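> Okay, here's the structure, questions in a sec.
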């Protein structure tokens, strides 16, 4: 497609001589701009994907893809039939009865918390919890006086596995002197670390029976968590879930229960993509300016080549190769840099934190205790193709201008 002569001339023009140093500097900045733009896009999109996937895995690993919740102050009773119908729905893998309630937890200090009652067998089927016990064990979890809680909450309360805590519920016992708060002492059997600040700092788990007794629900529950094979499949069976419930209850899928959060993530992801694309566009304009300056500087050379028999197409291809080389090599550099950064992102984060002494990724702000990165091949291909297209388009006008240069006029002014 391109002759050896065209490649030779293009690569020669890319090598700077003393009088052409400024043009080479612009080309270098164009190369770096495109490379850093591609790398930044890949890194940011991968981190956003990893952040979303990690949150989905952890949030849905604890809460289920659907939540069937009782009306306010009305527990779900005689729910076995509902559980059976939900379990029979295609793609539903587990249905978990739970009891939830707000409490004040007190150890050496006090803090608000959310109590979740769940059967011991169902708790063990939640790997986000059962596989992340950092202190104690789950052997006695079924006891009416045993609880497990997040390690951050335990640190706030000043307790460890084996210690006692008091739980105080606002739904107390009516007396002649008013409502007395319900207070009960529990033993901390284990501490868990899910990697999510919200859960590690605010959740307490006890057995389903213990929660029913503590909140005085009898055999009732407050909600059913329905787990499907995966989040996307769960959204396709909403009608079947509604038909299977067939009682007065509120039904939320995972998108509805966390709608504002996941919508904000998607909006932020799209905006970041648009903003970072501007880096590549700026670099493309640098390619245009450097090529225009190169064409102006090489006007006499172009005129001589034309008089020696070079066609306009050959001249255009020479400058097209010169400009495209910057874009292609810059894109390849950014591609490798972005993938390498994503593969070692936690190590790089640790090095930067060690040098600066600052915490770059606070769990209190970002919910997760580490920086995730999930590279999506389709998105990487999109970024690379977009960068190549922008770079190639940027070379068309300067190359066309070089090809249209009149040799007579160029030699006359020289």
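> Which number in (1) at pLDDT 75 or above; (2) closer than 30 Å to residue 380 by Cβ marks the one condition that residue 239 misses?
Going through the list (1) at pLDDT 75 or above; (2) closer than 30 Å to residue 380 by Cβ, residue 239 breaks only (2).
> Looking at (1) in a helix (DSSP H, G or I); (2) more than 26 Å from the chain's Cα centre (by Cα), find the lone condition where residue 135 falls short.
(1)
> Farther than 30 Å from residue 88 by Cα, over 36 Å from the mean Cα position of the chain (by Cα), part of a strand (DSSP E or B) and touching a residue at least 24 places away in the same chain (Cβ under 8 Å) - does that describe any residue in the range 187-198?
yes
> While we're on this one: Residues of the range 218-239 being surrounded by fewer than 19 Cβ atoms within 10 Å (Cβ to Cβ) and over 33 Å from the mean Cα position of the chain (by Cα), which ones?
Answer for the range 218-239, where residues must be surrounded by fewer than 19 Cβ atoms within 10 Å (Cβ to Cβ) and over 33 Å from the mean Cα position of the chain (by Cα): 218, 219, 220.
> Any chance the range 221-231 includes a residue that's part of a helix (DSSP H, G or I) and within 30 Å of residue 149 (Cβ to Cβ)? Please lay out each step first, then the result.
At the first step, the residues of the range 221-231 found to be part of a helix (DSSP H, G or I) are 231.
In the following step, the residues that additionally are within 30 Å of residue 149 (Cβ to Cβ) were identified as 231.
Yes, the range 221-231 has at least one match.
> Tell me whether the range 24-36 contains one or more residues that are at pLDDT below 80, more than 19 Å from residue 328 (Cβ to Cβ), in contact with a strand residue (DSSP E or B) (Cβ under 6 Å, 6 or more places away or on another chain) and in a helix (DSSP H, G or I).
Scanning the range 24-36 turns up no residue that is at pLDDT below 80, more than 19 Å from residue 328 (Cβ to Cβ), in contact with a strand residue (DSSP E or B) (Cβ under 6 Å, 6 or more places away or on another chain) and in a helix (DSSP H, G or I).
> Another one. Report, ordered by the first and then the second residue, all pairs with beta carbons closer than 6 Å, sequence separation of six or more or different chains, a first member in the range 127-149 that is touching a residue at least 60 places away in the same chain (Cβ under 8 Å), and a second member that is in a loop (DSSP other than H, G, I, E, B) and surrounded by 18 or more Cβ atoms within 10 Å (Cβ to Cβ).
Close Cβ pairs satisfying both conditions: 128/194; 132/194; 142/207.
> Those residues that are crowded, with 22+ Cβ neighbours inside 10 Å and over 13 Å from residue 161 (Cβ atoms), I need them from the range 183-195; list them, please.
194
> Within the range 140-152, can one find any residue that is in a helix (DSSP H, G or I), farther than 29 Å from residue 74 by Cβ and at pLDDT 90 or above?
Going residue by residue through the range 140-152, those that are in a helix (DSSP H, G or I) are 151-152.
From the residues that got through so far, the ones that are farther than 29 Å from residue 74 by Cβ too are 151-152.
Now narrow it down to the ones that are at pLDDT 90 or above: 151-152.
Checked the range 140-152: at least one residue is in a helix (DSSP H, G or I), farther than 29 Å from residue 74 by Cβ and at pLDDT 90 or above.
> Would you point out which residue out of 293, 316 is touching a residue at least 12 places away in the same chain (Cβ under 8 Å) and either out of contact with any helix residue (DSSP H, G or I) (no Cβ under 8 Å at 6 or more places or on another chain) or surrounded by fewer than 18 Cβ atoms within 10 Å (Cβ to Cβ) (or both)?
On the way: 316 fails: either out of contact with any helix residue (DSSP H, G or I) (no Cβ under 8 Å at 6 or more places or on another chain) or surrounded by fewer than 18 Cβ atoms within 10 Å (Cβ to Cβ) (or both).
Answer to the selection: 293.
> Please pick out the residue among 271, 282 that is under 17 Å from the mean Cα position of the chain (by Cα), in a helix (DSSP H, G or I) and closer than 30 Å to residue 43 by Cβ. Reasoning before the result, please.
On the way: 282 fails: under 17 Å from the mean Cα position of the chain (by Cα).
Step by step, each of 271, 282 is checked, and only 271 is under 17 Å from the mean Cα position of the chain (by Cα), in a helix (DSSP H, G or I) and closer than 30 Å to residue 43 by Cβ.
> Looking at the range 240-257, which of its residues are within 24 Å of the chain's Cα centre (by Cα) and buried (at least 16 other Cβ atoms within 10 Å of the Cβ)?
Our first condition is that a residue be within 24 Å of the chain's Cα centre (by Cα); within the range 240-257, this holds for 252-257.
Correct list: 252, 253, 254, 257.
> Listed residues 70, 105, 113; which is surrounded by 14 or more Cβ atoms within 10 Å (Cβ to Cβ), more than 30 Å from residue 270 (Cα to Cα) and modelled with pLDDT under 85? Lay out the reasoning, then the answer.
Values: 105 fails: modelled with pLDDT under 85; 113 fails: modelled with pLDDT under 85.
Only one candidate qualifies: 70.
> If you go through the range 63-85 one residue at a time, do you hit one that is within 19 Å of residue 147 (Cβ to Cβ), touching a strand residue (DSSP E or B) at 6+ places or on another chain (Cβ under 7 Å) and not in a helix (DSSP H, G or I)?
no
> Now, a different point. Going by the structure shown, is residue 360 exposed (fewer than 15 other Cβ atoms within 10 Å of the Cβ), touching a helix residue (DSSP H, G or I) at 6+ places or on another chain (Cβ under 8 Å), in a loop (DSSP other than H, G, I, E, B) and at pLDDT below 85? Before the answer, list the steps.
Numbers: exposed (fewer than 15 other Cβ atoms within 10 Å of the Cβ): yes; touching a helix residue (DSSP H, G or I) at 6+ places or on another chain (Cβ under 8 Å): yes; in a loop (DSSP other than H, G, I, E, B): yes; at pLDDT below 85: yes.
Here the answer is yes, as residue 360 does meet what is asked.
> Let me ask another. Name every residue in the range 72-104 that is touching a helix residue (DSSP H, G or I) at 6+ places or on another chain (Cβ under 6 Å) and within 20 Å of residue 196 (Cβ to Cβ), in order of residue number.
96
The values are calculated or read from the model by the stated rules, or taken from the named source; none is laboratory data. The model shown is predicted, which means the values in this text are computed figures rather than measured ones. Positions of Cβ are generated from backbone atoms using ideal geometry, with glycine treated the same way; all protein chains shown enter the neighbour counts.
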